[in-house]
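The values are calculated or read from the model by the stated rules, or taken from the named source; none is laboratory data. In this text the structure is predicted, and so the values were computed from the model without any measurement. Backbone-built Cβ (ideal geometry, glycine too); neighbour counts: all protein chains shown. Ligands, DNA and RNA are excluded from the accessible area calculation, which covers all protein heavy atoms including side chains. Shrake-Rupley method; radii C 1.70, N 1.55, O 1.52, S 1.80 Å.
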Amino acid sequence: LIDDGCSGIRLEHCIFENLGAGAIRIQGNENGSDEMYATTGITVDSCQIRHGGKLWAGCSAITIKHAAKNRITSCDISYFPYTGISCGWTWGMQKNPAYENVIDGNHVHHLGLDRTVRDMGGIYMLGYQPGTKVINNHIHDIDGDNLAWGIYLDEGSSDMVIQNNLIYRCSAEPFHVHYGKNNLVSGNVFAANRGVACISVHGAQWISTIIL
């Protein structure tokens, strides 16, 4: 747990394995605008995170909650019942202390294979997060009980860049948006499977630029 007021921490070349819950939680505080509580500048790089969620199946391998300007890069995440990387913890399009986070070059795969958890993603994003980027990730074999997507932009996910990701073999669509606006989605490769489409959108507030 990386809690309120932490900054500049680096986790590099670590192995997290056989875990009861998730591996890393960058917590922060809902009052992220107050420098006393702001959690920023955390880097998780080149870590192997596998075989988790053995006691608490609904935990993500890596979670960024109310924290900004963090980087999750070049990690290999696999064999969790639930989401690989979860970023943002504010529903809707209200002000959010999670912004300018970068999720870059990760390999996220073989999640949800026991089908005990639903409504999940290889990478899950939530809320208004200006400057946040999900780029260059390789995501595949995302299963789950139901509603298991490669990249999942949940309620209010807005002002993000989703670029140059490779996603395939998901039980639902490789890319899903609940609702949001002003997201740039470009240069991705989405491969459909199980007879579903490549992209699904729920909600009339989807206002975005998509370049495939």
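What residue, of ARG118, ARG169, is out of contact with any Pro (no Cβ under 8 Å at 6 or more places or on another chain) and farther than 17 Å from SER86 by Cα? First the steps, then the outcome.
Details: ARG118 fails: farther than 17 Å from SER86 by Cα.
So the residue among ARG118, ARG169 that is out of contact with any Pro (no Cβ under 8 Å at 6 or more places or on another chain) and farther than 17 Å from SER86 by Cα is ARG169.
Among what's in the range 84-140 and is among the hydroxyl-bearing types (Ser, Thr, Tyr) and under 20 Å from CYS59 (Cβ atoms), pick the residue that is farthest from the chain's Cα centre (by Cα). Spell out how you get there, then give the answer.
As a first pass, look at the range 84-140 and keep what is among the hydroxyl-bearing types (Ser, Thr, Tyr): 86, 90, 99, 116, 124, 128, 132.
This time we only want the ones that are under 20 Å from CYS59 (Cβ atoms), so: 86, 90, 116, 124.
Details: SER86: 4, THR90: 14, THR116: 19, TYR124: 3 Å.
Step by step, filter the range 84-140, then rank; the result is THR116.
Residue by residue through the range 29-78, note down the ones that are closer than 21 Å to GLU17 by Cα and acidic (Asp, Glu).
Result: ASP45, ASP76.
Restricting attention to the range 160-173, and to residues there that are in contact with a His (Cβ under 9 Å, 6 or more places away or on another chain) and open to solvent by less than 10 Å² (accessible area, probe 1.4 Å), which single residue is farthest from LYS95 (Cα to Cα)?
Among those residues, the one meeting the criterion is CYS170.
Among the residues of the range 103-161, how many are among the β-branched types (Val, Ile, Thr) and touching a residue at least 60 places away in the same chain (Cβ under 8 Å)? Talk me through it step by step, then tell me what you get.
Taking the range 103-161 and keeping what is among the β-branched types (Val, Ile, Thr), we get 103, 108, 116-117, 123, 132, 134-135, 139, 142, 151, 161.
Subsequent filtering for residues that are touching a residue at least 60 places away in the same chain (Cβ under 8 Å) retains 117.
Total meeting the criteria: 1.
Just give me the residues in the range 143-167 being more than 19 Å from GLY127 (Cα to Cα) and modelled with pLDDT of 95 or more, in sequence order.
ASN164, ASN165, LEU166, ILE167
Based on what the data block shows, is ALA38 free of Cβ contacts under 8 Å to residues at least 60 places away in the same chain, under 26 Å from TYR128 (Cβ atoms) and in contact with an Asp or Glu (Cβ under 9 Å, 6 or more places away or on another chain)?
Numbers: free of Cβ contacts under 8 Å to residues at least 60 places away in the same chain: yes; under 26 Å from TYR128 (Cβ atoms): yes; in contact with an Asp or Glu (Cβ under 9 Å, 6 or more places away or on another chain): yes.
Here the answer is yes, as ALA38 does meet what is asked.
Checking TYR37 against (1) at pLDDT below 95; (2) open to solvent by less than 30 Å² (accessible area, probe 1.4 Å), which single condition isn't satisfied?
(2)
Go through the range 40-67 and give me each residue that's modelled with pLDDT under 95 and of a type in the set (Ser, Thr, Tyr).
Selection gives THR40 alone.
Would a scan of the range 26-41 turn up a residue that is closer than 16 Å to HIS110 by Cα and touching a Gly at 6+ places or on another chain (Cβ under 8 Å)?
If we filter the range 26-41 for residues that are closer than 16 Å to HIS110 by Cα, which is where we start, we get none.
No: zero hits.
Tell me, yes or no, whether the range 42-49 has at least one residue that is among the hydroxyl-bearing types (Ser, Thr, Tyr), under 12 Å from the mean Cα position of the chain (by Cα) and assigned to a loop (DSSP other than H, G, I, E, B).
Step one: list which residues in the range 42-49 are among the hydroxyl-bearing types (Ser, Thr, Tyr), which gives 43, 46.
Those still in the list that are under 12 Å from the mean Cα position of the chain (by Cα) too: none.
Looking through the range 42-49, none of the residues is among the hydroxyl-bearing types (Ser, Thr, Tyr), under 12 Å from the mean Cα position of the chain (by Cα) and assigned to a loop (DSSP other than H, G, I, E, B).
When you scan the range 175-195, how many residues do you find that are open to solvent by 50 Å² or more (accessible area, probe 1.4 Å), touching a residue at least 24 places away in the same chain (Cβ under 8 Å) and not charged (D, E, K, R)?
Qualifying residue count for the region: 3.
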